[in-house]
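FYI, it's all coordinate maths here, none of it is from the lab. Note that the structure is a prediction, hence the values are computed from the model and not measured. Here the Cβ positions follow ideal geometry from the backbone for every residue, glycine too, while neighbour counts run over all protein chains shown.
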Amino acid sequence: MLTKADDFPIHQLPVPISEVGSERNFYDRYFFNGYNEGGEVFFATAMCVYPNLNLIDGSFVFVKDGIQHNFRYSRVLDQERMNTKVGSLTVEVIEPLKKLRISINDESNGISAELNFEGRFDPVQEPRMTLMNGPRVSMDSTRLTQHGRWTGKINFKGTSVEVSPKSFMGTRDRSWGVRPVGSPDSQAMVPLKLPQFYWLWAPANFETFSSHVYFVDNEEGEMTHSHSVLQENKKETEILSTPKKIITYEENSRRIARAEVISRKNDGSEVKLIIQPKYRMFMCGLGYMHPDWGHGMYQGENESMYDSYDLKEDPHDPPFLHVQAISNFTITMNNQTYRGTGVLEELLIGKHKPSGFEGLLDR
């Protein structure tokens, strides 16, 4: 099927852009977050197309005064992957790999915003992540991550937040490939085994540089995937080596109280990163693991939903396992200590021997 995207010189196979192979779970997603220096104001957006489900969904989260407001939208894609508007939410690429814009105008729920993201540094391509369930591919994706500054305004039910690049920074990512989306598989892999996924993803902004680390561990606590990066003004991106982590949990919990990551620069010197969460935003507000508005779920031709969460409460159960913790970051390197702000994304399911987790959700 020919679509508007076919008029751009972006083909990589001798088929129309709308055709992405036979994998039903193919996805192509935008993600953004933004926060002021103290992290009291936080916002995030996710938007994704699912070509082989013929769906697009998007969401906007706004956190202020300890309340997380969730705005979700879904519609039939009509195979037009270039039409990145769903419901009241639009994502625009102004200058590829440099400038993007989020717009939302949802009068029925009292929210409007125009937010412009401009990269501080070049995007970083994370290592490709492939996870298997026996012989079956459960995840196979590529992600770019970019730190940036925000400009714009958020209006919500009579209050207004001015978003200036001096005060608001954040991170965006673009990921695409294969993930579990939409309805669950009709026939699970046998023999059945408990799910296991240990995921930490922690981008942060400092005054003159940015950092990013992530880890995926197996049941034994072995790192199957990891990444550690520094980006400094007027310098090339530096991929750090041998990242190692020390995790401290809150009592009777899978929530992280403190994370320490030690990596090494190319000259062999140590970079020590300490992450201390302040509060948590629930990713189900953006559709991640949501039982009714999960990613790639058919809601109708063009539907929307609003709800809110009090962040003083933490259910600590599905669908609230997946969080981004707005956090204070401290880096020590070259005998200097620097402070910044970022997020620690946590999704800890199943066994993890070093943490003492022996079941699906034990604490």
Sequence-separation-based contact order of segment 54-181, relative, with Cα cut under 8 Å and 6+ spacing, percent: 16
May I ask for the net charge around Q231, where only other residues with Cβ less than 11 Å from the Cβ of Q231 are counted and Lys, Arg are +1 while Asp, Glu are -1? -1
Would you kindly state how much longer the chain becomes between E222 and L144 on full extension, computed as 0.36 nm times their sequence separation minus their alpha carbon distance, in nm to one decimal? 25.7 nm
Mean separation of Cα contacts under 8 Å (at least 6 apart) over the residue count of segment 248-332, i.e. the relative contact order in percent, is 35
Using a Gaussian network model of the chain with C-alpha springs under 10 Å, which one of V20, V86, V181 is most mobile by mean-square fluctuation? V20
Of S18, Y73, G285, which is farthest on the positive side of the dipole of the chain, counting Cα position, with +1 on Lys and Arg Cβ, -1 on Asp and Glu Cβ, and the Cα centre as origin? G285
C-alpha center-to-center spacing [segment 46-64, segment 114-133] in angstrom: 17
Under the Karplus relation 6.51 cos²θ - 1.76 cosθ + 1.60, θ = phi - 60°, what is the ordered set of whole-Hz ³J(HN,Hα) values for segment 326-340, x standing for Gly and Pro? 5, 9, 7, 10, 10, 10, 10, 7, 6, 6, 10, 10, 10, 10, x
Among M305, M132, M333: highest mean-square fluctuation, GNM of the chain, C-alpha pairs under 10 Å: M132
Whole-number D in µm²/s for segment 1-135 (Stokes-Einstein; Kirkwood sum over Cα pairs; 25 °C, 0.890 mPa s): 145
Once both label points are put 7 Å beyond Cα along the C-beta direction, the S241-E301 separation in nm becomes 6.0
With Cα springs under 10 Å, the Gaussian network model of the chain assigns the largest mean-square fluctuation among A188, A46, A113 to A188
By how many nm would the segment from S164 to I10 lengthen if fully extended, with 0.36 nm per residue of separation less the alpha-carbon distance? 52.0 nm
Quick query: amide H of T341 versus all other amide H atoms, modeled in the peptide plane; which residues come in under 5 Å with a sequence gap of 5 or more or a different chain? N205, F329
Explain nothing, just compute: Karplus ³J(HN,Hα) = 6.51 cos²θ - 1.76 cosθ + 1.60, θ = phi - 60°, for every residue of segment 295-312 in order, whole Hz, x for Gly and Pro. 5, x, 8, 6, 10, x, 4, 6, 10, 9, 7, 10, 8, 8, 10, 8, 6, 6
Which ³J(HN,Hα) values in Hz, rounded to whole numbers, follow from the phi angles of segment 69-77 under the Karplus curve 6.51 cos²θ - 1.76 cosθ + 1.60, where θ = phi - 60° and Gly and Pro get x? 9, 10, 10, 10, 9, 8, 7, 6, 6
Which whole-angstrom value gives the distance between the alpha carbon centres of segment 74-109 and segment 1-43? 11
Between E251 and E207, with labels modelled 7 Å along Cα→Cβ, what's the label distance in nm to one decimal, could you check? 3.8
Could you pull out every residue, at least 5 positions away or on a different chain, whose amide H is within less than 5 Å of the one on L240? Hs are placed 1.01 Å off N in the peptide plane, and Pro or chain starts have none. S228, V229, L230
Got the relative contact order for the chain handy, in percent, Cα pairs under 8 Å and 6 or more residues apart? 17
Label-point separation in nm, K157 to L192, each point 7 Å along Cα→Cβ: 4.2
Looking at (i) -0.57, -0.94, -1.23; (ii) -0.50, -0.93, -1.30; (iii) -0.52, -0.89, -1.16, which value of log10 I(q)/I(0) by the Debye sum over Cα atoms at q = 0.09, 0.12, 0.14 Å⁻¹ comes from a calculation on the structure shown? (ii)
Lysine-lysine proximity count for segment 147-303, Cα under 24 Å, sequence distance 8 or more or distinct chains: 14
Extension gain (nm, one decimal) between D292 and M82, 0.36 nm per residue minus Cα-Cα: 73.0 nm
